[in-house]
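Some notes on the structure that comes next.
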Amino acid sequence: MKQTVHIGHRALARRIAAIYFLAAAAWIVGSDLLLLLWLPESASAVGGSIAKGVAFVLVEGLLIYFLIRYRSRPGQKAAYVHGNRNIEIAWTVIPGLMLFSLALYQRGTWVTIKQNLPDESQAVLIGLSAKQFEWHPTYPGDDGLLDTADDIVAPINIVHVPVGKPVIVRLTAQDVLHSFFIPQLRLKQDAVPGMTIRVWFQATQTGEFEIACAELCGLGHYRMRGQVTVESPEAFAAWLAEVKAKQGGG
């Protein structure tokens, strides 16, 4: 004899709410483990204050729960539900409140990263122009300014920065939309044609990290890779002097 599964609308709404809050609690407990699995170790001064993977965990956790809980089973027939206003309000308002809470929680970090940039006089300046399918970096010359005649043009796709010092990147695009992404430095910013967007980071450890384009920008998108080398201030100064000398400026 077949059984029909009936679930009250209020009970279902309560279950949805409970699942969202349980998923949030699971994220809080397991966030460090998730970061180890999903992202490389942070080499950024602000990396530890960025919350990551929250929406993904909540949405995918809920999806997996419903796939298992309401899977097809022999002898059971699902009840047809035309619609319910309370359930629709619940699954709209609850995720909205959770995302709004997350935005408030991360507000301070957002301001630090996107608005409170360091003083350019105390930072390393880099001009970075994205072009299918390359990154073109430039550094200020003796005048300390970008976009002047004495700019130091670095090799394509090669960026060097000193460890422990703020770096401000003036990001532009020559053709289409690109996205400047360095996972270890927790830095991701679109490069938009016709705009100059300033972003900054401060590396906390030396090493070589990949610069990826995180925006589909054409058939050669897969090969739009660069490399940022984080090194001691002395090594950085020596590298920049070498590039300048090869350019004929010193």
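The numbers here are math on the coordinates, done by the rules we state, and not lab data. Every value quoted in this text rests on a predicted model; they were computed, and no experiment measured them.
Quick notes
- Percentage relative contact order, region 120-247, counting C-alpha pairs under 8 Å, at least six apart: 27 percent
- Shape of region 100-140, Cα gyration tensor, a/c cut at 1.5: oblate
- Hull shadow area, averaged, region 120-247 [alpha-carbon convex hull, nm²]: 7.3 nm²
- Whole-angstrom gap from region 114-150 to region 175-241, using each part's C-alpha centre: 12 Å
- Column: log10 I(q)/I(0), Debye, Cα scatterers of region 59-208, q = 0.14, 0.17, 0.19, 0.21 Å⁻¹: -0.81, -1.03, -1.22, -1.40
- Given Lys131/Lys188; Lys114/Lys188; Lys165/Lys246; Lys131/Lys165, the pairs whose alpha carbons are separated by over 22 Å: Lys165/Lys246; Lys131/Lys165
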